[in-house]
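Engineer: Here's a structure for you.
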Amino acid sequence: MFKGSIVAIVTPFQDNKVDEQKLRDLIEFQIKGGSSGIVPCGTTGESATLSFQEHERVIEITIEQAKKRVPVIAGTGSNSTDEAVMLTKHAAKSGADASLQVSPYYNRPTQKGLYEHFKAIADSVHIPIILYNIASRTGVNIEPETIARLARDCKNIVGVKEASGNLDQMSRIKQLCAPSFDLISGDDSLTLPVLAIGGTGIISVVANIVPGDVASLVAEFEKGNLKIAQELHYKLLPLIKAVFLETNPISVKTAMGLMGLCAPDLRLPMCSMQAENLGKLKIALEDYGLI
(Lines give C-alpha, C1' and ligand atoms only; values in the text may rest on other atoms or scores of the structure.)
Protein backbone atom coordinates (compact mmCIF):
# COMPACT_ATOMS: atom_id res chain seq x y z
CA MET A 1 0.00 0.00 0.00
CA PHE A 2 2.77 2.45 0.92
CA LYS A 3 5.80 2.38 -1.33
CA GLY A 4 8.40 4.43 -3.15
CA SER A 5 10.17 7.48 -1.76
CA ILE A 6 8.11 8.99 1.04
CA VAL A 7 9.64 12.17 2.41
CA ALA A 8 9.83 12.85 6.14
CA ILE A 9 9.34 16.55 5.56
CA VAL A 10 10.92 19.27 7.69
CA THR A 11 8.81 21.86 9.49
CA PRO A 12 10.01 25.28 8.31
CA PHE A 13 10.15 28.02 10.92
CA GLN A 14 10.38 31.80 10.65
CA ASP A 15 10.78 33.85 13.83
CA ASN A 16 10.18 30.65 15.81
CA LYS A 17 6.75 30.17 14.25
CA VAL A 18 5.71 27.59 11.67
CA ASP A 19 6.17 29.14 8.22
CA GLU A 20 2.92 27.93 6.68
CA GLN A 21 3.52 29.27 3.18
CA LYS A 22 7.03 27.79 3.04
CA LEU A 23 5.62 24.43 4.15
CA ARG A 24 3.19 24.57 1.23
CA ASP A 25 6.08 25.42 -1.10
CA LEU A 26 8.10 22.45 0.17
CA ILE A 27 5.16 20.11 -0.37
CA GLU A 28 4.92 21.30 -3.98
CA PHE A 29 8.68 20.79 -4.38
CA GLN A 30 8.30 17.22 -3.14
CA ILE A 31 5.36 16.30 -5.34
CA LYS A 32 6.97 17.79 -8.44
CA GLY A 33 10.22 16.03 -7.52
CA GLY A 34 8.59 12.61 -7.57
CA SER A 35 8.04 11.78 -3.91
CA SER A 36 5.26 9.22 -3.52
CA GLY A 37 4.13 10.29 -0.06
CA ILE A 38 4.67 12.88 2.67
CA VAL A 39 5.17 12.40 6.41
CA PRO A 40 4.58 15.60 8.38
CA CYS A 41 5.43 15.81 12.09
CA GLY A 42 7.97 13.02 12.17
CA THR A 43 11.44 13.16 13.70
CA THR A 44 12.63 15.29 10.77
CA GLY A 45 9.66 17.61 11.29
CA GLU A 46 10.78 18.36 14.86
CA SER A 47 7.51 17.01 16.25
CA ALA A 48 8.98 16.88 19.76
CA THR A 49 9.08 20.68 19.94
CA LEU A 50 5.75 21.45 18.27
CA SER A 51 2.82 22.43 20.43
CA PHE A 52 -0.36 20.36 20.00
CA GLN A 53 -1.88 23.26 18.07
CA GLU A 54 1.14 23.51 15.75
CA HIS A 55 1.26 19.74 15.32
CA GLU A 56 -2.36 19.62 14.23
CA ARG A 57 -1.98 22.66 11.97
CA VAL A 58 1.07 21.24 10.17
CA ILE A 59 -0.88 18.05 9.45
CA GLU A 60 -3.90 20.04 8.24
CA ILE A 61 -1.75 22.15 5.89
CA THR A 62 -0.03 19.09 4.48
CA ILE A 63 -3.36 17.39 3.75
CA GLU A 64 -4.77 20.58 2.21
CA GLN A 65 -1.74 21.16 0.00
CA ALA A 66 -1.25 17.54 -1.08
CA LYS A 67 -4.85 17.47 -2.38
CA LYS A 68 -4.77 13.66 -2.51
CA ARG A 69 -2.03 13.73 -5.16
CA VAL A 70 0.14 11.67 -2.83
CA PRO A 71 -0.75 10.02 0.49
CA VAL A 72 -0.15 11.93 3.70
CA ILE A 73 1.11 9.73 6.54
CA ALA A 74 0.72 11.90 9.62
CA GLY A 75 3.22 11.52 12.43
CA THR A 76 0.94 11.28 15.46
CA GLY A 77 2.90 9.17 17.91
CA SER A 78 3.60 9.99 21.54
CA ASN A 79 4.94 8.37 24.68
CA SER A 80 1.47 8.95 26.14
CA THR A 81 -1.13 6.61 24.66
CA ASP A 82 -3.93 9.10 25.30
CA GLU A 83 -2.03 11.85 23.48
CA ALA A 84 -1.26 9.54 20.55
CA VAL A 85 -4.95 8.62 20.30
CA MET A 86 -5.92 12.30 20.39
CA LEU A 87 -3.48 13.29 17.66
CA THR A 88 -4.35 10.28 15.51
CA LYS A 89 -8.08 10.95 15.74
CA HIS A 90 -7.45 14.53 14.66
CA ALA A 91 -5.34 13.40 11.70
CA ALA A 92 -8.01 10.90 10.63
CA LYS A 93 -10.75 13.53 10.91
CA SER A 94 -8.63 15.96 8.89
CA GLY A 95 -8.26 13.47 6.03
CA ALA A 96 -4.84 11.90 6.57
CA ASP A 97 -4.33 8.74 4.54
CA ALA A 98 -2.43 6.99 7.33
CA SER A 99 -0.63 7.54 10.63
CA LEU A 100 3.01 6.93 11.54
CA GLN A 101 3.32 5.73 15.14
CA VAL A 102 6.70 5.93 16.83
CA SER A 103 7.29 3.60 19.76
CA PRO A 104 6.93 5.38 23.11
CA TYR A 105 10.14 7.16 24.03
CA TYR A 106 11.64 7.50 27.52
CA ASN A 107 9.02 5.25 29.15
CA ARG A 108 10.79 2.08 27.91
CA PRO A 109 7.65 -0.10 27.90
CA THR A 110 7.77 -3.88 27.78
CA GLN A 111 6.74 -5.73 24.62
CA LYS A 112 3.33 -6.24 26.23
CA GLY A 113 3.12 -2.49 26.86
CA LEU A 114 4.07 -1.76 23.26
CA TYR A 115 1.41 -4.15 22.00
CA GLU A 116 -1.30 -2.60 24.16
CA HIS A 117 -0.19 0.95 23.25
CA PHE A 118 -0.32 0.38 19.50
CA LYS A 119 -3.52 -1.68 19.68
CA ALA A 120 -5.29 1.09 21.59
CA ILE A 121 -4.32 3.59 18.88
CA ALA A 122 -5.30 1.26 16.04
CA ASP A 123 -8.66 0.55 17.69
CA SER A 124 -9.39 4.28 17.95
CA VAL A 125 -9.33 5.01 14.18
CA HIS A 126 -10.01 3.34 10.85
CA ILE A 127 -7.08 4.77 8.88
CA PRO A 128 -3.98 2.62 8.26
CA ILE A 129 -1.24 2.67 10.88
CA ILE A 130 2.47 2.33 10.14
CA LEU A 131 4.64 1.49 13.14
CA TYR A 132 7.95 3.33 13.55
CA ASN A 133 10.77 1.37 15.13
CA ILE A 134 13.77 3.50 16.06
CA ALA A 135 15.31 2.25 19.29
CA SER A 136 18.25 4.67 19.00
CA ARG A 137 15.76 7.49 19.70
CA THR A 138 13.21 5.75 21.90
CA GLY A 139 15.26 3.35 24.01
CA VAL A 140 13.15 0.29 23.17
CA ASN A 141 13.03 -2.05 20.16
CA ILE A 142 9.73 -3.34 18.79
CA GLU A 143 10.54 -7.02 18.40
CA PRO A 144 9.51 -8.77 15.17
CA GLU A 145 7.18 -11.06 17.08
CA THR A 146 5.37 -8.04 18.55
CA ILE A 147 5.06 -6.47 15.11
CA ALA A 148 3.66 -9.72 13.70
CA ARG A 149 1.15 -10.01 16.53
CA LEU A 150 -0.03 -6.44 15.99
CA ALA A 151 -0.32 -6.99 12.23
CA ARG A 152 -2.38 -10.12 12.87
CA ASP A 153 -4.68 -8.62 15.52
CA CYS A 154 -5.12 -5.10 14.11
CA LYS A 155 -6.18 -5.07 10.47
CA ASN A 156 -5.30 -1.40 10.05
CA ILE A 157 -1.67 -1.87 11.18
CA VAL A 158 -0.30 -2.32 7.69
CA GLY A 159 3.44 -1.68 7.85
CA VAL A 160 6.54 -0.64 9.74
CA LYS A 161 9.17 2.01 9.21
CA GLU A 162 12.25 0.09 10.30
CA ALA A 163 15.11 2.27 11.52
CA SER A 164 16.84 -0.32 13.66
CA GLY A 165 19.61 -0.69 11.06
CA ASN A 166 19.34 -4.45 11.58
CA LEU A 167 18.68 -6.28 8.31
CA ASP A 168 18.36 -9.59 10.15
CA GLN A 169 15.50 -8.14 12.17
CA MET A 170 13.86 -6.75 9.05
CA SER A 171 14.13 -10.13 7.34
CA ARG A 172 12.49 -11.71 10.37
CA ILE A 173 9.60 -9.24 10.09
CA LYS A 174 9.12 -10.24 6.45
CA GLN A 175 9.12 -13.90 7.47
CA LEU A 176 6.56 -13.45 10.24
CA CYS A 177 4.14 -11.02 8.59
CA ALA A 178 1.82 -11.43 5.63
CA PRO A 179 3.22 -10.53 2.19
CA SER A 180 0.92 -7.49 2.15
CA PHE A 181 2.59 -6.01 5.26
CA ASP A 182 4.80 -3.09 4.18
CA LEU A 183 8.44 -3.07 5.28
CA ILE A 184 9.69 0.49 4.80
CA SER A 185 13.29 1.53 5.32
CA GLY A 186 13.86 4.17 7.97
CA ASP A 187 17.52 4.69 7.03
CA ASP A 188 18.44 6.39 3.76
CA SER A 189 21.69 4.46 3.46
CA LEU A 190 19.80 1.14 3.67
CA THR A 191 17.11 1.83 1.07
CA LEU A 192 18.60 -0.50 -1.55
CA PRO A 193 19.38 -3.38 0.87
CA VAL A 194 15.87 -3.16 2.35
CA LEU A 195 14.32 -3.25 -1.11
CA ALA A 196 16.41 -6.35 -1.83
CA ILE A 197 14.87 -8.26 1.10
CA GLY A 198 11.33 -7.33 0.14
CA GLY A 199 10.89 -3.77 1.36
CA THR A 200 8.51 -1.41 -0.40
CA GLY A 201 10.40 1.87 -0.11
CA ILE A 202 11.91 4.50 2.17
CA ILE A 203 10.64 7.19 4.52
CA SER A 204 13.49 9.50 3.64
CA VAL A 205 15.35 12.43 5.14
CA VAL A 206 17.66 13.14 2.19
CA ALA A 207 14.61 13.36 -0.12
CA ASN A 208 14.04 16.80 1.43
CA ILE A 209 16.86 18.03 -0.82
CA VAL A 210 17.03 15.46 -3.66
CA PRO A 211 13.54 13.97 -4.05
CA GLY A 212 14.09 12.95 -7.65
CA ASP A 213 17.14 10.79 -7.08
CA VAL A 214 15.63 8.96 -4.09
CA ALA A 215 12.43 8.31 -6.04
CA SER A 216 14.43 7.11 -9.02
CA LEU A 217 16.44 4.66 -6.92
CA VAL A 218 13.27 2.90 -5.77
CA ALA A 219 11.64 3.07 -9.20
CA GLU A 220 14.65 1.62 -11.01
CA PHE A 221 14.89 -1.24 -8.52
CA GLU A 222 11.19 -2.00 -8.99
CA LYS A 223 11.68 -2.07 -12.77
CA GLY A 224 14.50 -4.58 -12.36
CA ASN A 225 17.24 -2.12 -13.29
CA LEU A 226 19.55 -3.14 -10.46
CA LYS A 227 22.67 -1.58 -11.98
CA ILE A 228 21.04 1.86 -12.23
CA ALA A 229 19.66 1.50 -8.69
CA GLN A 230 23.15 0.62 -7.45
CA GLU A 231 24.63 3.64 -9.23
CA LEU A 232 22.07 5.92 -7.56
CA HIS A 233 22.76 4.27 -4.19
CA TYR A 234 26.46 5.06 -4.42
CA LYS A 235 25.82 8.54 -5.82
CA LEU A 236 23.57 9.34 -2.86
CA LEU A 237 25.70 7.74 -0.16
CA PRO A 238 28.13 10.65 0.49
CA LEU A 239 25.21 13.09 0.62
CA ILE A 240 23.32 10.82 3.01
CA LYS A 241 26.34 10.63 5.30
CA ALA A 242 26.58 14.43 5.22
CA VAL A 243 22.95 15.01 6.24
CA PHE A 244 23.53 12.82 9.28
CA LEU A 245 26.74 14.51 10.44
CA GLU A 246 24.73 15.84 13.36
CA THR A 247 21.45 14.81 14.95
CA ASN A 248 18.61 14.83 12.45
CA PRO A 249 17.22 17.28 11.31
CA ILE A 250 20.08 19.69 12.04
CA SER A 251 22.14 18.87 8.98
CA VAL A 252 19.35 18.48 6.43
CA LYS A 253 17.69 21.72 7.52
CA THR A 254 21.05 23.49 7.31
CA ALA A 255 21.46 22.09 3.80
CA MET A 256 18.02 23.37 2.85
CA GLY A 257 19.01 26.80 4.10
CA LEU A 258 22.18 26.72 1.98
CA MET A 259 20.10 25.66 -1.04
CA GLY A 260 17.51 28.40 -0.48
CA LEU A 261 14.66 25.94 0.07
CA CYS A 262 13.72 27.28 3.50
CA ALA A 263 15.23 29.05 6.49
CA PRO A 264 17.60 26.79 8.43
CA ASP A 265 15.90 27.73 11.71
CA LEU A 266 15.71 25.03 14.37
CA ARG A 267 14.08 24.88 17.77
CA LEU A 268 16.11 24.26 20.89
CA PRO A 269 17.44 21.87 21.95
CA MET A 270 18.32 21.51 18.23
CA CYS A 271 20.94 24.11 17.37
CA SER A 272 23.14 25.29 14.52
CA MET A 273 25.90 23.01 13.20
CA GLN A 274 29.43 23.00 14.51
CA ALA A 275 31.83 24.77 12.15
CA GLU A 276 33.79 21.65 11.23
CA ASN A 277 30.69 19.70 10.30
CA LEU A 278 29.21 22.64 8.44
CA GLY A 279 32.32 22.70 6.26
CA LYS A 280 31.93 18.99 5.48
CA LEU A 281 28.27 19.48 4.64
CA LYS A 282 29.06 22.32 2.23
CA ILE A 283 31.64 20.17 0.44
CA ALA A 284 29.12 17.33 0.05
CA LEU A 285 26.49 19.70 -1.34
CA GLU A 286 29.02 21.22 -3.75
CA ASP A 287 30.18 17.81 -4.91
CA TYR A 288 26.57 16.83 -5.60
CA GLY A 289 25.98 20.06 -7.53
CA LEU A 290 23.38 21.39 -5.13
CA ILE A 291 25.15 24.66 -4.24
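Engineer: Can you find, within the stretch 244-254, the residue that is most open to solvent (accessible area, probe 1.4 Å) among those that are closer than 17 Å to T11 by Cβ and either in contact with a Phe, Trp or Tyr (Cβ under 6 Å, 6 or more places away or on another chain) or free of Cβ contacts under 8 Å to residues at least 40 places away in the same chain (or both)?
Structural biologist: Among those that are closer than 17 Å to T11 by Cβ and either in contact with a Phe, Trp or Tyr (Cβ under 6 Å, 6 or more places away or on another chain) or free of Cβ contacts under 8 Å to residues at least 40 places away in the same chain (or both), it is T247.
Engineer: Just checking, does the stretch 255-262 include any residue being without any contact (Cβ under 8 Å) to a residue 40 or more places away in the chain and open to solvent by 30 Å² or more (accessible area, probe 1.4 Å)?
Structural biologist: Checking the stretch 255-262: at least one residue is without any contact (Cβ under 8 Å) to a residue 40 or more places away in the chain and open to solvent by 30 Å² or more (accessible area, probe 1.4 Å).
Engineer: To continue, here is another question. Inside the stretch 8-30, can you point out the residues that are of a type in the set (A, V, I, L, M, F, W, C) and open to solvent by 50 Å² or more (accessible area, probe 1.4 Å)?
Structural biologist: F29
Engineer: Are there any pairs, at least 6 apart or on different chains, whose C-beta atoms fall under 6 Å, with the first in the stretch 25-54 and charged (D, E, K, R) and the second assigned to a strand (DSSP E or B), and if so, which?
Structural biologist: E54/V18
Engineer: Return the pair list, or none, for Cβ contacts closer than 7 Å from residues in the stretch 74-99 that are closer than 14 Å to Y132 by Cβ and hydroxyl-bearing (S, T, Y) to residues that are part of a helix (DSSP H, G or I) and open to solvent by 20 Å² or more (accessible area, probe 1.4 Å), at least 6 apart or on different chains.
Structural biologist: T88/S124
Engineer: While we're here: Among the listed residues I202, I228, identify the single one that is among the aliphatic types (A, V, I, L, M) and open to solvent by 30 Å² or more (accessible area, probe 1.4 Å).
Structural biologist: Exactly one residue qualifies, and that residue is I228.
So that you can scan it fast, the table gives a plain yes or no per residue for (1) more than 20 Å from the chain's Cα centre (by Cα); (2) under 22 Å from N79 (Cβ atoms):
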position	(1), (2)
N107	yes, yes
T110	yes, yes
L150	yes, yes
E162	no, yes
M170	no, no
D188	no, no
L192	no, no
L195	no, no
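Engineer: While we're here: Quick one: in the stretch 31-44, of everything that is farther than 24 Å from S124 by Cα and small (G, A, S), which residue is least open to solvent (accessible area, probe 1.4 Å)?
Structural biologist: S35
Engineer: Sticking with this structure for a sec: Just to be sure I understand, how many residues within the stretch 117-141 are more than 17 Å from the chain's Cα centre (by Cα) and of a type in the set (A, V, I, L, M)?
Structural biologist: Selection size over the stretch 117-141: 6.
Engineer: Still on this structure, I have one more. Scan the stretch 237-258 for residues that are part of a helix (DSSP H, G or I) and closer than 22 Å to I134 by Cα and jot them down.
Structural biologist: L237, L239, I240, K241, A242, I250, S251, V252, K253
Engineer: Looking at L183, L285, L290, L278, which is the one that is over 18 Å from G37 (Cα atoms), in contact (Cβ under 8 Å) with a residue 24 or more places away in the chain and not in a helix (DSSP H, G or I)?
Structural biologist: Selected residue: L290, the only one of L183, L285, L290, L278 that is over 18 Å from G37 (Cα atoms), in contact (Cβ under 8 Å) with a residue 24 or more places away in the chain and not in a helix (DSSP H, G or I).
The values are calculated or read from the model by the stated rules, or taken from the named source; none is laboratory data. Quick caveat: nothing in here was measured; it's all calculated off a predicted structure. Here the Cβ is made from the backbone with ideal geometry for all residues, glycine too, and neighbour counts use every protein chain on show. For accessibility, only protein heavy atoms count, side chains too; no ligands or nucleic acids. Shrake-Rupley method; radii C 1.70, N 1.55, O 1.52, S 1.80 Å.
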